[in-house]
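Below is one structure; the comments refer to it alone.
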Amino acid sequence: MLFGKKQSLVGLDIGSHTIKAVELEPLPNRTFRLARWGISAPLAEAIVDGEIMDRQLVTDSISNLFESRGIRSRSVVAAVSGRAVIVKKITMNRLSAEDAQQAVYWEAEQHVPYDINDVSLDFEILGAAPNDPKQMQVLLVAAKKDMVMSFGDLIREAGLSPAVVDVDSFAAQNALEANYDFAPADVIAILNIGAEITNINIIQAGVPYFTKDLQVGGNTFIEAAQRKFGLSQAESAAAVRGESGSGLELTPVIEGACEGLATALERAQAYLRTSGEAGAISRIMLCGGSALTPGVPEFLGRRFGVATEIANPLTRVSYDPALFAGQDVMKVAPLLTVGIGLALRRVGDKR
Ligand SMILES: Nc1ncnc2c1ncn2[C@@H]1O[C@H](COP(=O)(O)OP(=O)(O)OP(=O)(O)O)[C@@H](O)[C@H]1O
Ligand SMILES: [Mg+2]
């Protein structure tokens, strides 16, 4: 394959609002070019609470997306979402990586609320525990086998072959680390604000110290504005996107709906500081469609007093501007973050 074309990588992000596909072409020196991308039409309740209610609609949307965007590669990297996965940081006696495998399985039995035989486990040793050098911290990722299988089946039903399975918040981290230089001392809170769920991931020096999925997202904003102003769902969605020019006082409504996010971040920060694992959050990076909701970055920035920005996961990915003809890249790229992070995964790469 010396002179052959390197195989492109396709990330498939199946969200509750839309499905996103991102095809990246590897260039020399571990750089990438965006070859194609696509976002499906809204799925209209085909996925609710992480559960697929309408399999046919989802598989049709995936095949249509690949077809209409001319994505020919059939091998995709996807992420299992929300409830199917448990991410937990555990502390255990310090062991070598080889000895850890068995011990982690044993430890996992106590931390995973399912029969351990029904679960696929992955783990990463994060390092020594901050308060006790004889202990180490391990990041445990457990997914129910039947859910992973059923998710794989879904992708196969769409005519694709799923390669690696990842988790949304780690995919977002992967995308941002590939596009930004974070200093070792930086404590970055990555918030992937989708329609149903916000994935929080607080990282330092590449290590995820705190991950949590909150049930806050665009739907929360839309429902809050609907209740407050008596709008239809469509009117409210347009208002929340800042499109309606309605003159409605949306800021307090959005801020109220963001309160849960801010509180969760404050608690996470307090926990990380008390346990000595990480310092105060020094930067907030937002991605996902609802990060674009007017007022959200400003609210979080004010609350935490740190630089808060909407991330651009295409900062270091080259692309032909024609791919975004007529669209503002900064209004599309944040939605592609997870897809980009997935496409950047290579088979065999962990986390
Ligand atoms: N320009 C915009 N301004 C404000 N909100 C937007 C904009 N574009 C998209 N959204 C909102 O973002 C949400 C979709 O974001 P995203 O595609 O990240 O979610 P998802 O991955 O489908 O959902 P989830 O991850 O929660 O299952 C919707 O609520 C949509 O209304
Ligand atoms: Mg999403």
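Before moving on, here are some points about what is shown:
- Residue match in the range 122-140 (condition: farther than 16 Å from Val207 by Cβ, aliphatic (A, V, I, L, M) and surrounded by 15 or more Cβ atoms within 10 Å (Cβ to Cβ)): no
- Whichever residue in the range 9-41 is more than 8 Å from ligand 1 (Cβ to nearest atom) and outside any strand (DSSP E or B) and, among such residues, is surrounded by the most Cβ atoms within 10 Å (Cβ to Cβ): Ser40
- Scanning the range 66-86 for residues that are under 20 Å from the mean Cα position of the chain (by Cα) and among the aliphatic types (A, V, I, L, M), we see that the one that is nearest to ligand 2 (Cβ to nearest atom) is Ala79.
- Single residue of Leu344, Leu286, Leu250, Leu314 found to be under 30 Å from Leu9 (Cα atoms), modelled with pLDDT under 95 and surrounded by 19 or more Cβ atoms within 10 Å (Cβ to Cβ): Leu344
- If the condition is being over 22 Å from the mean Cα position of the chain (by Cα) and assigned to a loop (DSSP other than H, G, I, E, B), then the range 302-318 contributes only Gly305.
- So Asp168, is it in contact with a strand residue (DSSP E or B) (Cβ under 8 Å, 6 or more places away or on another chain), among the acidic types (Asp, Glu) and outside the structural domain of Thr263 (by TED's automatic domain parsing): yes
- Which listed residue, of Ala224, Ala307, Ala278, is at pLDDT 95 or above and either surrounded by 17 or more Cβ atoms within 10 Å (Cβ to Cβ) or aromatic (Phe, Trp, Tyr) (or both): Ala224
- Only one entry in Gly159, Gly152 is touching a residue at least 12 places away in the same chain (Cβ under 8 Å), surrounded by fewer than 19 Cβ atoms within 10 Å (Cβ to Cβ) and in contact with a Pro (Cβ under 7 Å, 6 or more places away or on another chain), namely Gly152.
The values are calculated or read from the model by the stated rules, or taken from the named source; none is laboratory data. Bear in mind that the values here come from a model prediction, so they are computed numbers and not experimental data. In this analysis, Cβ positions are derived from the backbone assuming ideal geometry, glycine residues included, and neighbour counts consider all displayed protein chains.
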